[in-house]
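Enquirer: Encoded as structure tokens, here's the structure I'll be asking about.
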Amino acid sequence: MDKVISKDGTPIAWKKAGSGPPLVLVDGALCYTEAGATPGMLPVLQSHFTVYVWDRRGRGQSGNTLPWSPQKEIEDLAAICALCPEPPIVCGFSSGAALTLYAGAAGLNARRLVLFEAPFVVVDDSDPKPPVDALQQLQGFIRAGDNK
């Protein structure tokens, strides 16, 4: 993998594959280019896009200049996007979706943001909560053969 130097001097490992419009993948917290969504998606996406994959700070082959901060990860993502010949589509998964959204709000130069399973929850009364006995209800439906 190649390395790009983030704003704070941390080396961030990356590679690209395929051809077409630039697409940057942003893995979740416990993932990197060899584990998580990227290994399965890269072979499919590279036939349609030039896909940029990278190891987030402190994962895989990337460095980790402490202390960690969300701003540093936003800067890391900006450094990866700057490698692209034009503003990329940025696709984030799980905490990578949150990072993508925060980076977009901070002015990330991206063509489009795509978010999968961003770990946001509504914590006010507008968020309907499942009943306390939801698990027991589901188990009862299964026992009864009710799959509707």
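The values are calculated or read from the model by the stated rules, or taken from the named source; none is laboratory data. Quick caveat, the model's predicted, so the values are computed rather than measured. Please note: Cβ atoms are built from the backbone with ideal geometry, for glycine as well, and neighbour counts cover all protein chains shown. These accessible areas exclude ligands, DNA and RNA; they are computed on the full protein's heavy atoms, side chains included. Shrake-Rupley method; radii C 1.70, N 1.55, O 1.52, S 1.80 Å.
Enquirer: What number of residues within segment 80-95 satisfy the criterion of being in contact (Cβ under 8 Å) with a residue 60 or more places away in the chain and open to solvent by less than 20 Å² (accessible area, probe 1.4 Å)?
Expert: 7
Enquirer: Additional query: What are the residues in segment 51-79 that are open to solvent by 20 Å² or more (accessible area, probe 1.4 Å) and touching a Cys at 6+ places or on another chain (Cβ under 8 Å), if any?
Expert: Arg59
Enquirer: So which strands (runs of 3 or more DSSP E) are wholly in segment 1-87 and hold at least 2 residues that are under 13 Å from the mean Cα position of the chain (by Cα)?
Expert: Result: 22-26, 50-54.
Enquirer: Then there's this: (1) open to solvent by less than 60 Å² (accessible area, probe 1.4 Å); (2) modelled with pLDDT under 95; (3) touching a helix residue (DSSP H, G or I) at 6+ places or on another chain (Cβ under 8 Å): which one isn't true of Ala134, the others all being true?
Expert: Condition not satisfied by Ala134: (3).
Enquirer: Is it the case, given these coordinates, that Val114 is surrounded by fewer than 17 Cβ atoms within 10 Å (Cβ to Cβ) and assigned to a strand (DSSP E or B)?
Expert: yes
Enquirer: Pick out the one residue from Gly9, Gly36, Gly40, Gly20 that is on the phi > 0 side of the Ramachandran plot and free of Cβ contacts under 8 Å to residues at least 40 places away in the same chain.
Expert: That would be Gly20, the only listed residue that is on the phi > 0 side of the Ramachandran plot and free of Cβ contacts under 8 Å to residues at least 40 places away in the same chain.
Enquirer: Take segment 96-110 and flag every residue that is more than 23 Å from Asp55 (Cβ to Cβ) and either of a type in the set (S, T, N, Q) or open to solvent by 70 Å² or more (accessible area, probe 1.4 Å) (or both).
Expert: The answer is Ala105, and nothing else.
Enquirer: Scan segment 18-44 for residues that are open to solvent by 20 Å² or more (accessible area, probe 1.4 Å), closer than 21 Å to Ala78 by Cβ and at pLDDT 95 or above and report the count.
Expert: Of the residues in segment 18-44, 1 are open to solvent by 20 Å² or more (accessible area, probe 1.4 Å), closer than 21 Å to Ala78 by Cβ and at pLDDT 95 or above.
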